[in-house]
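Structure record follows, encoded as structure tokens.
What follows draws every value from the coordinates through simple rules; no lab data is involved. In this text, all values refer to a predicted model and were calculated from it rather than measured experimentally. Note that each Cβ is placed from the backbone with ideal geometry, even for glycine, and that neighbours are counted across all protein chains shown.
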Amino acid sequence: MKQIMQFVGFYLFLAFEKLLMLLPKKARRAFFISLGTLAYKLSKRYRHVVRDNLRFVYGESIDAAFIEKVTRYQFKLLMLNFLQTMESRYYSIDTISKNVEVINDTIIKKVQKEGRPIIFITSHYGAWELGGSILSAMYEPLLIVYKKMKNPYFEKYLLEARSKWRISYVERHGATRGILKRLKNNESIALLIDTNVNKSEAIQVDFLGHKVSQIKTTAYFARKFNAALIPVLIHSDDDVHHTLEIFEEIVPPKTQNEEEDIRHSVEMQTEWLSKEILKRPEPWFWLHRRFKDDYPEIYH
């Protein structure tokens, strides 16, 4: 029965999607923004998650108007990311890329000339779905780690939508083998470094002013394969036109003390991301319970 319901729900969604794609783009965008507003009003639980994250990072005295502004934008951001995934199934790469300006792409080209693999480190920030697609389509075909979804039909839908952008995937459980193969072949991967992680698989570093468990996979593989650690974020001023910003390669020390070098590398990564989030906090995905394993009390 569960599988039947998943099947029916998915194909009803597909029918609804086709109707939405008949609308003018502005009308479609307005519809998804209104969905974000509705979600904001109905989802008390996730409004509290945003509030708790902001108070944890900025302190209890944080301005209430700032909390509301960031919270409202979170739901809008989530809906617009889903809209961009939907539109990517119908529009060409050339059409979508017209609204994206890429800056500092010489950093990527330099590493490509050197013949080194690239580990793009990024975050749930701004139009992250669009950012990964543009990066993969225009510069380096990417391997991305994903988390298995409960509905296999929606999972297939999302993976197929991204495949036209030269993105390939490996499921989170057992992802190491796929990453190893990719980097051995001097190919590129992209990893989100802002997700909550199991303490047993992480090290403690500073992130947004607090000691948190942070993945060390990026640092370990960069050292093992002499891969370039290149940070990437996508910014937007009007939710229509975007800027994909490529940052300077993070070059950690490489000494006889591998453990300390990896720690230093991870600290450099979180320092970069913390700086960018605090510079422009609104586009970061505050809806995520990033600190639940290290500080579960903040979500009570």
Pairs with Cβ under 8 Å, 6+ apart, first in the stretch 235-250 and of a type in the set (Gly, Ala, Ser), second not in a loop (DSSP other than H, G, I, E, B): Ser236/His242; Ser236/Thr243
Test result for Tyr73, touching a residue at least 24 places away in the same chain (Cβ under 8 Å) and in contact with a Leu (Cβ under 6 Å, 6 or more places away or on another chain): no
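Would you mention how many residues in the stretch 94-111 are buried (at least 16 other Cβ atoms within 10 Å of the Cβ) and farther than 22 Å from Lys275 by Cα? Write out each step before concluding.
Taking the stretch 94-111 first, the residues buried (at least 16 other Cβ atoms within 10 Å of the Cβ) are 96-97, 100, 102, 107-108, 111.
Narrowing the set further to residues that are farther than 22 Å from Lys275 by Cα leaves 96-97, 100, 111.
Looking only at that region, the number is 4.
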Some residue of the stretch 186-193 being part of a helix (DSSP H, G or I) and more than 18 Å from the chain's Cα centre (by Cα): no
Candidates Lys156, Lys148, Lys181, filtered to the one that is without any contact (Cβ under 8 Å) to a residue 60 or more places away in the chain and in a loop (DSSP other than H, G, I, E, B): Lys148
